[in-house]
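Comments concern the structure below.
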Amino acid sequence: MAIQKVEFFLKGQTYQIPIESGRTYKKVIDAPGTTSWGETDHKYASQLKITDVAGNVTTIDKDDPTFGDKMMIRVVETEPPVITITSPAQGAYLGSNAVQVEFTVTDMESGVDPESISVKIDSGAEIKDGITKTPVSNGYKCSYTATVQNGSHTVKVNAADNDGNEAAEKTASFTIDTIAPTLNITSPPETLIANNQSLTVSGKTSPDCSVTIDLNSADQGAVTVDGTGQFSKAVSLSPGENVIKITATSLAGKTTTVTRVVTYDPDAPVVISIDISPNPVETGEQITITVEAVDE
């Protein structure tokens, strides 16, 4: 008897394999458009039915003792997972040697292989142990605490999906600075007593630092730091004691503060009385001058 029909079933689709002379039947079909990772044994189960002209049917599926393995088809995706580094931010300045590295890895189809997730600091060894991996939709939210020395560094994150596609490596460069900035105040000197209401506060710090000046707890506004770290700012004193706080802040948030106390005395002394005795006086005789005065 002759074969009448050859049918192949895969992922809900039916394919008719052309009947030609001889005993070999062939058809080219497109693989499914999605990965089989989520299927049993990560493979799609297919089925083959061959019908002869008498209506006899031979069915071959995954349970067939001879051809069962051939009926299981592994389909892999080609899109790599996506890595997003959320911390440290690119170009960040950090004030601690303990750096919290945080990132997400997601993959829409086969999912992320958690064993593939790794972190590297600069040219150091690949790190896989110690990474906290919290499942999120289509992947993982990850964190790792790295201990690094002062200076510039780059963190590198890699991962792959369950179909073996490797993500494009993501990097973030950052700088560690745990040292408080230098701050040298050249004016005013300590415990200055001034008779002028206008006073210039000046000094020097690191060129990449910002400077703030508070006068009696009031911020005095923007302070310009030049390329050598020099700065100056005119402030207006109140009569009596004035507390001036000058603070330098590094890009990593480290601060140094210098305090100066300046007393502003705008009032000239007041003469209460003057006595010169004797007056008139003879030539060569001694004179006693008595002055009574206050300065409040």
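The values are calculated or read from the model by the stated rules, or taken from the named source; none is laboratory data. The model shown is predicted, which means the values in this text are computed figures rather than measured ones. Methodologically, a virtual Cβ is constructed for each residue, glycine included, from the backbone with ideal geometry; neighbour enumeration extends over all protein chains shown. We work out accessible area using only protein heavy atoms, side chains counted, and drop any ligands, DNA or RNA first. Shrake-Rupley method; radii C 1.70, N 1.55, O 1.52, S 1.80 Å.
In segment 32-41, which residues are out of contact with any Ser or Thr (no Cβ under 6 Å at 6 or more places or on another chain) and open to solvent by 50 Å² or more (accessible area, probe 1.4 Å)? Explain how you work it out, then say what you get.
Pass one, segment 32-41, residues out of contact with any Ser or Thr (no Cβ under 6 Å at 6 or more places or on another chain): 32-34, 36, 38-41.
33, 34, 38, 39, 40, 41, listed by residue number.
Can you pull out every residue in segment 21-31 that is free of Cβ contacts under 8 Å to residues at least 12 places away in the same chain and either at positive phi or surrounded by 11 or more Cβ atoms within 10 Å (Cβ to Cβ) (or both)?
The first filter runs over segment 21-31 and keeps only residues free of Cβ contacts under 8 Å to residues at least 12 places away in the same chain, leaving 21-24, 26, 28, 30.
Within segment 21-31, 22 is the sole residue that qualifies.
Just to verify a result, which residue in segment 131-150, among those that are among the small types (Gly, Ala, Ser) and in contact with a strand residue (DSSP E or B) (Cβ under 6 Å, 6 or more places away or on another chain), is nearest to residue 87 (Cα to Cα)? Before the answer, list the steps.
Step one: filter segment 131-150 for residues among the small types (Gly, Ala, Ser), giving 137, 139, 143, 146.
Filter again for in contact with a strand residue (DSSP E or B) (Cβ under 6 Å, 6 or more places away or on another chain), leaving 139, 143, 146.
Numbers: 139: 18, 143: 9, 146: 12 Å.
Per the criteria, the residue is 143.
If you take just the strands (runs of 3 or more DSSP E) that sit entirely in segment 44-110, which of them hold at least 3 residues that are within 52 Å of the chain's Cα centre (by Cα)? Working first, answer last.
Numbers: elements: 44-52, 57-60, 82-87, 92-94, 98-106.
Passing ranges, in order: 44-52, 82-87, 92-94, 98-106.
Checking the structure you have, find out if any residue of segment 184-207 is within 30 Å of residue 99 (Cβ to Cβ), touching a Leu at 6+ places or on another chain (Cβ under 9 Å) and not in a loop (DSSP other than H, G, I, E, B).
Yes, that holds for at least one residue.
Do you know which of the residues in segment 54-82 that are over 14 Å from residue 17 (Cβ atoms) and of a type in the set (Val, Ile, Thr) is least open to solvent (accessible area, probe 1.4 Å)? Even if it seems obvious, please write down each step before you answer.
In the first step, residues of segment 54-82 are kept if they are over 14 Å from residue 17 (Cβ atoms); the result is 54-57, 59, 61-82.
With the extra rule that they be of a type in the set (Val, Ile, Thr), the set shrinks to 57, 59, 66, 73, 75-76, 78, 82.
Details: 57: 83, 59: 62, 66: 102, 73: 50, 75: 13, 76: 79, 78: 111, 82: 80 Å².
Among them, the one singled out is 75.
I'm checking my understanding of the structure. Among residues of segment 1-43 that are polar (S, T, N, Q) and part of a loop (DSSP other than H, G, I, E, B), which one is farthest from residue 112 (Cα to Cα)? If you could, list the steps in order and put the result at the bottom.
Start the filter on segment 1-43 by keeping residues that are polar (S, T, N, Q), which leaves 4, 13-14, 16, 21, 24, 34-36, 40.
Narrowing the set further to residues that are part of a loop (DSSP other than H, G, I, E, B) leaves 21, 24, 34-36.
On the way: 21: 48, 24: 41, 34: 15, 35: 13, 36: 14 Å.
Filtering segment 1-43 for residues that are polar (S, T, N, Q) and part of a loop (DSSP other than H, G, I, E, B), the one farthest from residue 112 (Cα to Cα) comes out as 21.
Condition first: polar (S, T, N, Q), out of contact with any helix residue (DSSP H, G or I) (no Cβ under 8 Å at 6 or more places or on another chain) and open to solvent by less than 70 Å² (accessible area, probe 1.4 Å). Can you find one or more residues in segment 46-53 that meet it?
So the first thing to find is which residues in segment 46-53 are polar (S, T, N, Q), and the list is 46-47, 51.
Now narrow it down to the ones that are out of contact with any helix residue (DSSP H, G or I) (no Cβ under 8 Å at 6 or more places or on another chain): 51.
Now drop any that are not open to solvent by less than 70 Å² (accessible area, probe 1.4 Å), which leaves 51.
Yes, that holds for at least one residue.
Among what's in segment 266-295 and is in contact with a Pro (Cβ under 9 Å, 6 or more places away or on another chain) and under 26 Å from residue 239 (Cα atoms), pick the residue that is surrounded by the most Cβ atoms within 10 Å (Cβ to Cβ).
266
I need the full set of residues from segment 257-278 which are touching a strand residue (DSSP E or B) at 6+ places or on another chain (Cβ under 9 Å), closer than 24 Å to residue 190 by Cα and either without any contact (Cβ under 8 Å) to a residue 60 or more places away in the chain or not in a loop (DSSP other than H, G, I, E, B) (or both), in order please.
257, 258, 259, 260, 261, 262, 263, 264, 269
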